[in-house]
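Let me begin by presenting the structure, written as C-alpha cells, before commenting on it.
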Amino acid sequence: MARCGARTSFLLQLSLLLLLCPWGTLGCASVVVGSPIVPLGSAVTASCTVQSELCHTLEQAKVQISWMLDNEPVVGSQHHGLGGTGVSNLTLPHFNQTQAKLWCCVEWNGTKQRVGMAEIRAGYPPAKPFNLSCVLNLTDYGLTCQWEEGASSHLPTSIALKCARSREQAVTGCSPAGGRSHCTVPRRLLQLYRHMEIWVAATNALGTAESEHLYIDPMDVAKLDPPALQTIQSIPFQTDCVALAWEVSQSNAHMELQCELRYRAPEDPAWALVTGIVGRAGTTQCCGFLFGTQYHFQMRCRRSAAQGYWSEWSLGRNYTTHEKGGACWQMEQDGAATTALIQGKPRGPCPPVWLLRVHHTPSLLPLDPLLGYSIGQSPKPLPSLPSVADGIEPFQQYNISLYPLYKDTIGVPIHTAAYSKQKAPSCAPKLHLRSISKSSAELCWDPVPVEMQNGFIISYTIFWANSTTEVSSASVNPSLSSFVIRELKPSTLYKVHIMASTAGGSTNGTSLTLVTTVLDDIEVQFLFLTLGLIFVLLMLLLICFHKNGRVKQQFWPNVPDPANSSLGKWLPAE
C-alpha cells in the first residue's frame, strides 16, 4: 500500500510539471485583452482560449475555464468551439486598480491551474507641466531648464524638453534622468541672441500634455558668474568715502554689466544697497560710512540690458574705515554764492575748526586772507561766501577747499568749483562737419574754454533748418562734443548753429551751411558697380558679334543681288 501511495503521488507531481512546462497546458492557452492600458475606472474586456488537443493532460477531460484578478476570482462566460477548443470571455465594467494581473485558469484534478496571464494598467493622461523656467550657464553655455510636474498619472510617462529655433522643426533638447524635473540643453542646439521656443512635453499611453511655451533669447536668461572685489580704500584717506575696485570673470568680460553693491556693519540689522553701477570692471565710490567701523562688502552683476538673472553675491570682503573724520561736510553751489552745507549728523569725531581756502581756477593761486570758522559739533551750515570778499570777481570760476583743522595737523580737504555770479558764455563753440550722407550729418565742436564760460555750461542746443521747414532743435549734454542730426532730406541745403547755455544766459555760435548728398556712399558704390557691369557686358557682346560669323549671319544675313539672278538675265524671244 505504501508503494501504491508513493506511485500515485509521483504521478500527480509529474502531471503538474507537464501543466507548467511550455509544452504542457501553459503552451495551449492564450489570453487577449482589449487594451493592456486603460483609463482608470473604465471597462476592461478579455478572452481566454484553451486548445485541448495541445494540452496533454486535458485531452480526455472537459475544459473548465475560470478567471482571477490577482488573487480574487472573477466570473466570465464560457463556450466551446470547434475541435475541443474552450473559450471564455470576461468583462470588468469598472477597473479601479492602477495595476493588476488577470489570470486564466483551468480546473484539473479539483484544483485551479493558471495557464495564461495578461497584465493590465490603468491611469490618467499626463498632467500639464507648469512653472517652466530656464537659466543659461555662461561657463559651458548650456541652458538648464526646470519645471514642476502635475498629479501622477499612475502610468509610465516620458518627459522631454522640446526646443525650436526660428524657422526650424522642434527637436528634443534633453530628457531628465531618474525622475528629475530639470535637464540641460547643450550649446549646439541653442541659438544665442535670437528667440527660441521652449516647452516641456509629457507623454504616456493615454496622451500628451505640454507646458506653456517660452519664447526667449537664451542670452536674456543668462546667469553671470559673480564678480570679485579686489581692493577697498578710503578717498581721501580721512573721509567717510571709500573706493572699491572689482573685476569680472572671463565668461562675462565681453559684456556690459549692471552691478549692485551691498554692505553693512556687524551691528546693522539690514544691508545698505548701492545700485546703478555700470561697466565691465573698474572702480566705484560710496560715501556715508561711520569712522573707525568695520564693514562687510559684497557685489553682484547682471547684463546691462536689465534682463536675465543676477549673479550670486560675490565673496565678502571686510574693510575698516579710518578713525578720523574729514568729511563731515559737503560743498554745494547755489548759483549766487557758495555755501558749505553739513551732509547730515556728524559721524565720528568732527574737528571743531574748519579752514576755507579759495583758488582761482585758471591760475590755482590762493587768495588771501585764509578764512577760518569755529563750528563745534552741532550740525549747522557754514556762512555763505558773498560775492567772500576782496579779490572775488563775478563770472570767474574758483576752486573752494574746506580743510579740517586738528590739534597738531590739517586734515585732507574736500573741494568744489563755484562762481559768485554767472552770465551767458562769452562765445559758443565753433561747429565742424565730421561726416554727411543723404539723411544725416555728424557735427563736432571744441568745448568753450573755462575762462570764457562765465558759469557752468548746463547744455548745448543744436538748431537746424532748410528753406522750407520750421527750425528743429536738440539739447545735448555738456559733457559731449559731437552730435548726429538724423532724418534730413537728400540733396538739401541746411543752416546749422549751436547755442551754449549757463544758469545766467545763452550765447549762439556762428552758422554752418551744409548740403546733404543725393546718394549714400553704399548707393554710389552700387551705382558705379552696376554701370561697370553693363559696360563689360556690352563689350563682350560686341566682341562676340565681331568674331563669330554665325552670330553675324543671324543679325545681318546676306541678301542676294537681284541683278545677278537668272531672271535678271532672261530675255523674251521677241
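A few points about this structure:
Residue by residue, here is whether (1) open to solvent by 100 Å² or more (accessible area, probe 1.4 Å); (2) more than 60 Å from the chain's Cα centre (by Cα); (3) modelled with pLDDT under 70; (4) polar (S, T, N, Q) holds:
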site: L519; (1), (2), (3), (4): no, no, no, no
site: F526; (1), (2), (3), (4): yes, no, no, no
site: G532; (1), (2), (3), (4): no, no, no, no
site: L540; (1), (2), (3), (4): no, no, no, no
site: C544; (1), (2), (3), (4): no, no, no, no
site: K552; (1), (2), (3), (4): no, yes, yes, no
site: N564; (1), (2), (3), (4): yes, yes, no, yes
site: L571; (1), (2), (3), (4): yes, yes, yes, no
site: E574; (1), (2), (3), (4): yes, yes, yes, no
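- All conditions but one from (1) open to solvent by 90 Å² or more (accessible area, probe 1.4 Å); (2) more than 30 Å from K438 (Cβ to Cβ); (3) at pLDDT 80 or above apply to W556; the one that does not is (3).
- Only residues that are among the polar types (S, T, N, Q), loosely packed, with under 13 Cβ neighbours inside 10 Å and within 12 Å of S439 (Cα to Cα) were counted across region 464-516, and they come to 1.
- Residue match in region 424-433 (condition: at pLDDT 50 or above, in a strand (DSSP E or B) and exposed (fewer than 15 other Cβ atoms within 10 Å of the Cβ)): yes
- Some residue of region 222-238 being under 30 Å from W147 (Cα atoms) and of a type in the set (A, V, I, L, M): yes
- Among the residues of region 69-88, the one identified as farther than 23 Å from A100 by Cβ and buried (at least 17 other Cβ atoms within 10 Å of the Cβ) is G86.
- Of everything in region 126-176 that is among the β-branched types (V, I, T) and outside any strand (DSSP E or B), the residue that is modelled with the lowest pLDDT is T139.
- Single match in K421, K438 (criterion: among the basic types (K, R), in contact with a Ser or Thr (Cβ under 7 Å, 6 or more places away or on another chain), part of a loop (DSSP other than H, G, I, E, B) and open to solvent by less than 60 Å² (accessible area, probe 1.4 Å)): K438
- Residue count for region 205-227, restricted to those that are open to solvent by 30 Å² or more (accessible area, probe 1.4 Å) and either within 21 Å of V274 (Cβ to Cβ) or assigned to a strand (DSSP E or B) (or both): 7.
- Test: residue in region 139-155 that is closer than 30 Å to S30 by Cβ and not polar (S, T, N, Q): yes
- Residues in region 490-502 that are part of a strand (DSSP E or B) and either polar (S, T, N, Q) or within 39 Å of the chain's Cα centre (by Cα) (or both) were compared, and the one that is farthest from V518 (Cα to Cα) is T502.
- Taken together, A202, A151, A127 contain a single residue that is buried (at least 20 other Cβ atoms within 10 Å of the Cβ), aliphatic (A, V, I, L, M) and closer than 25 Å to F95 by Cα, which is A202.
The values are calculated or read from the model by the stated rules, or taken from the named source; none is laboratory data. Source: prediction; values computed, not measured. Positions of Cβ are backbone-derived with ideal geometry, glycine not excepted, and every protein chain shown enters the neighbour counts. Heavy atoms of the whole protein, side chains included, go into the accessibility calculation; ligands, DNA and RNA do not. Shrake-Rupley method; radii C 1.70, N 1.55, O 1.52, S 1.80 Å.
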